[in-house]
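Below is one structure, written out as structure tokens; the observations come after it.
The values are calculated or read from the model by the stated rules, or taken from the named source; none is laboratory data. This is a predicted model, so every value here is computed, not measured. No Cβ is skipped: glycine too gets one built from the backbone with ideal geometry, and neighbour counts run over all protein chains shown.
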């Protein structure tokens with residue numbers, strides 16, 4: 001099975017959080033001028049495109065990127081479709097997720113459009129995080145910019161997941177992905193002191209064993 005890229009491409013017109021740093025790539029040294037190489041420079045937020053959150057993002061005493069276990073970002077995952085639900089609650093999860101799963105990627109009703117920043121997204125509720133914990137979930141990924149509603153200030157979903165030590169992956173692209181069992185790789189960059197990091201997220205469908 002081939003790997004499938006579920007990352008948002010980082011382009012100069014990618015959508016970003018209001019008032020946050022836009023992504024900018026520019027070639028600051030050219031082969032014509034240097035005689036040997038092209039060299040680019042990027043300016044960006046750590047929460048651009050497909051990215052992970054470290055607890056320091058929403059808790060000043062929380063762990064930062066280099067404190068996190070990279071093994072959480074590699075391994076078996078389950079893709080579920082919750083596009084019919086307005087919130088990612090325990091009731092919603094119970095409709096599509098009943099067996100233990102270490103990593104879960106969630107398709108919502110939001111269509112993948114990296115150039116559009118949504119006004120509203122379905123957030124993960126406290127009881128939703130509680131339910132994921134009962135199934136042993138250690139990482140949750142969403143196809144939205146946040147596990148909370150865009151206007152949220154208390155970040156209930158972030159803190160509820162943090163309470164259960166469930167890692168957060170945001171802005172994965174799942175429109176063309178069928179629900180089922182996959183392998184996931186979504187490694188953050190090793191940015192010292194960072195509250196988050198862009199990732200290149202890829203999945204691969206797991207072979208079905210016929211015994």
TODO: Report, by residue number, each residue of the range 2-44 that is in a loop (DSSP other than H, G, I, E, B) and free of Cβ contacts under 8 Å to residues at least 60 places away in the same chain.
DONE: 12, 19, 20, 21, 22, 23, 30, 35, 36, 37, 38
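For the range 91-107, how many residues meet the condition of being crowded, with 17+ Cβ neighbours inside 10 Å and either more than 18 Å from residue 52 (Cα to Cα) or free of Cβ contacts under 8 Å to residues at least 12 places away in the same chain (or both)?
So the count comes out to 5.
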Open item on the list: So residue 192 ticks every box in (1) modelled with pLDDT of 95 or more; (2) touching a helix residue (DSSP H, G or I) at 6+ places or on another chain (Cβ under 9 Å); (3) over 16 Å from residue 118 (Cα atoms) but one. Which box is left unticked?
Closed with: (1)
- [ ] Mind counting the residues in the range 148-172 that are touching a residue at least 40 places away in the same chain (Cβ under 8 Å) and either under 13 Å from residue 88 (Cβ atoms) or in contact with a helix residue (DSSP H, G or I) (Cβ under 8 Å, 6 or more places away or on another chain) (or both)?
- [x] 7
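When you look at residue 141, is it surrounded by 21 or more Cβ atoms within 10 Å (Cβ to Cβ), on the phi > 0 side of the Ramachandran plot and touching a residue at least 24 places away in the same chain (Cβ under 8 Å), yes or no?
no
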- [ ] Within the range 45-67, count every residue that is part of a loop (DSSP other than H, G, I, E, B) and either touching a strand residue (DSSP E or B) at 6+ places or on another chain (Cβ under 7 Å) or crowded, with 22+ Cβ neighbours inside 10 Å (or both).
- [x] 6
TODO: Hey, can you tell me all the residues within the range 83-102 that are more than 29 Å from residue 16 (Cβ to Cβ), in a loop (DSSP other than H, G, I, E, B) and over 18 Å from the mean Cα position of the chain (by Cα)?
DONE: 97, 98, 99, 100
Open item on the list: Restricting to the range 70-87, give me the number of residues that are closer than 15 Å to residue 179 by Cβ and in contact with a strand residue (DSSP E or B) (Cβ under 7 Å, 6 or more places away or on another chain).
Closed with: 8
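Suppose the filter is farther than 20 Å from residue 198 by Cβ and loosely packed, with under 11 Cβ neighbours inside 10 Å; does residue 36 pass it?
Working: farther than 20 Å from residue 198 by Cβ: yes; loosely packed, with under 11 Cβ neighbours inside 10 Å: yes.
Yes: the conditions hold for residue 36.
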